[in-house]
1. Explain nothing, just the number: dipole magnitude of the chain about its Cα centre with +1 on each Lys and Arg Cβ and -1 on each Asp and Glu Cβ, in debye rounded to the nearest 20.
2. As a test, work out the antiparallel percent of DSSP beta bridges whose residues both lie in the chain, rounded to the nearest 5.
3. For helix 667-676, report the angle its Cα long axis makes with the longest principal axis of the Cα atoms of the chain; keep it between 0 and 90° and round to the nearest 10°.
4. Under a plain spin-label model, where a point goes 7 Å from the Cα along Cα-to-Cβ, how far apart in nm are residue 470 and residue 428?
5. Rounding to the nearest 20 debye, state how big the charge dipole of the stretch 3-79 is about its Cα centre with +1 on each Lys and Arg Cβ and -1 on each Asp and Glu Cβ.
6. Spelling out what I want: for every residue of the stretch 424-431, take phi, set θ = phi - 60°, compute 6.51 cos²θ - 1.76 cosθ + 1.60 (Karplus), and round to whole Hz; glycine and proline get x.
7. Determine the calculated [θ] at 222 nm for the chain from helices alone, applying -39500 (n - 2.57) to every DSSP H run no shorter than 4 residues and normalising by the residue count; nearest 500 deg cm²/dmol.
8. Could you tell me which of 61, 405, 101 has its Cα farthest along the dipole of the chain towards the positive end, charges placed at Cβ (Lys, Arg +1; Asp, Glu -1), taken about the Cα centre?
Amino acid sequence: MTLMEELKELLKEDTRFVDTEGKLLKNKIVEHALKLDKGLIKLLLKNKRIKEHFFKDVDGVLVFDKEKFMKFIDNKEFLPDSYTAFKNKIGLANKEGKYLAKSKEIVLVWPYKDCVLEGGQEKSDEKRKEIFHNVILAPDEIDRLLEPKVFTNFKRIDKDGEHQLDGFRRDDEINRKRGLPEDTITDNLIIKGNNLLVLYSLLKEFRGKVKLIYIDPPYNTGSDEFQYNDNFRHSTWLTFMKNRLEVAKELLKDDGAIFVQLDHHEIGYLNVLMDETFGRGNKVQIIAIKTASPAGFKVVNPGPIDVTEYILFYARDKKKFNFKLQYVEVEYHENYDRVILNFEDKPENWKLESIKKVVLEENGIPVTGSLRKAYKEAQRRWGKYWKIIFNQLIAEFALRNKERIVSIRDPHKPSESLKQLLIKSKKERDRIFVYGREGADPIFVINGGALAFYKNKVKNIGGREVPTELLTDFWGDISWAGIANEGGVRLKEGKKPEALLKRIIELSTEENDIVLDFFMGTGTTCAVAHKMGRQYIGVEQLDYGENSAVVRLKNVINGDQTGISKAVGWQGGGDFIYMGLMKNNEIYIEKIENAKTTEELLNIWKDINHNGFLSYRVDSKLFDENIEEFKALSLDEQKKLLLEMLEYNDLYVNYSEIDDVIYNVSEEDKKLNKDFYEERKDA
């Protein structure tokens, strides 16, 4: 008798762990193990073999190894369900978990049901289901999986439509400007296929050349609107992210950066993972973004209402990263409360006046003595909202006259000589002193302080002159309202404002730099990069139909005026190349996803068995012998099982096998692949 069989028989002796039919209740066993139940421990100690396996002797005291026991009980071979039992019967083995840092496992993910996003839905009760199937491959199973793949379905898309691709552009001048090898591809690329395999296929051409990576990966919330199978278990999600971040790092330039956006569910864990992947010293910031307003929210869970998402911002090498200062629009600040009346005179002769007095008099309200009388007149003329009107008039006046609007402030770290001048100015009131500085603008001192000019706060943002302040790690100024129609595509949840990507691209790139997004969704990153003159690479495996990134980018080329278009003066133009990984077993994945009945799946099974590539762990004869058990499973379980039976090293055609006649790669595709992989002389 095996240890597992022995344990089952022992546990059945306790009626708490058995149902009316004599079957063990796994949840009850787990519950009592967690509580270190005395009855359970006494029961386990009765059996010598089980006692030796689950208890340790520590200085003569027996200690229950709860963790080991829980892992044993949690093993799917212990009280397996019908799905697991069938898997074991046909030869599909289960894997044990390992520490993430030491794990070399690869997580591949595909949608297997309802994978087209209903992006245009209007009713809140229309539920989207984007359920994904994931497969974890151990190191000894990864053979040719990460080799470069063959691309196919090439086309160049511009304002005149879609055209057959005749080759990739490599603009020497652009490459010289951005410090890249002259033979680097300068085309925009949209690539369809599993993003992990695409990333590895990009390495030969783009290793160390990408300036910015922005990704908005699945958040692993377990919600019914974005649910991976088994809620995309925490450790699986982290491994999934680890696989992609490691290769993404190889694509980044030394002075490049990566921005990963997510919510609170996994931020702490991903922070640690990114510290490990990119180096803790290369962390630039965690940016908080206000993504919603609390108005209209229903209180479901205790605690503050969740209106925030986060961006983990890391440099490839922080010492080489060139962070560009950014400014955000703010309201007029009342500290700038003085006007230089005679700004054209010498500074020593300047006269300062209250901005409130000047604005009142400019609007026909005389000020004699205190302002109180003038305020009463303003209230009589402008009504009960006179303060709002008055403050608006001050803000507009300050902006129009920014060169002569000032505040009086304490200088930052003044020198000894400047300190002496400040002391002197306190005694000689209302007199301007000019403190000259070599190689810098003079400081104007008055009444113990220095003049700060409003013009230094005013910047051009989005084509408008506005007061600003330096960008911080909290971005609460970007509106998420009204973004549904940006780019002419819709996505009810998860769509990002173009203004957000504009800010990220501005602070981390220059014109023509390469921007990569390998969770591109509806293509916001690529659309903004196109409008801002950056080269982009977008990767996606989902089919968004009429709301796809390709549709959006066509709109951009044709002069889309939504989003940031007006701010950057976008009028249309440009092009991009569309291509996809050449499918092998991936064809069967799609057939399985789209199947509606068990009969369809059985026909697919016959096709796979004769023409596809099955995993070495599957015994097809045993499958056929136990076909009735397969039919008894739910349709989702049947799909999931067939997917796991495929050989994942053969999802797509490897570039090394492009000339193998079995794959029937066209001569045109061979030529373009050799062009992409820079083997043009052999073409």
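1. I would put it at about 3720 debye.
2. 70
3. 50
4. Going by the 7 Å Cα→Cβ label model, 3.3 nm.
5. I would put it at about 100 debye.
6. These are the phi-based 3J(HN,Hα) values: 5, 5, 5, 7, 9, 5, 6, 9 Hz.
7. -10000 deg cm²/dmol
8. Result: 405, furthest along the dipole toward the positive end.
Taken together, the values in this text are just the output of simple stated rules run on the coordinates, not laboratory data. Quantities reported herein were computed from a predicted structural model and do not represent experimental measurements. With ideal geometry, Cβ positions are generated from the backbone for all residues, glycine too; neighbour counts draw on all protein chains shown.
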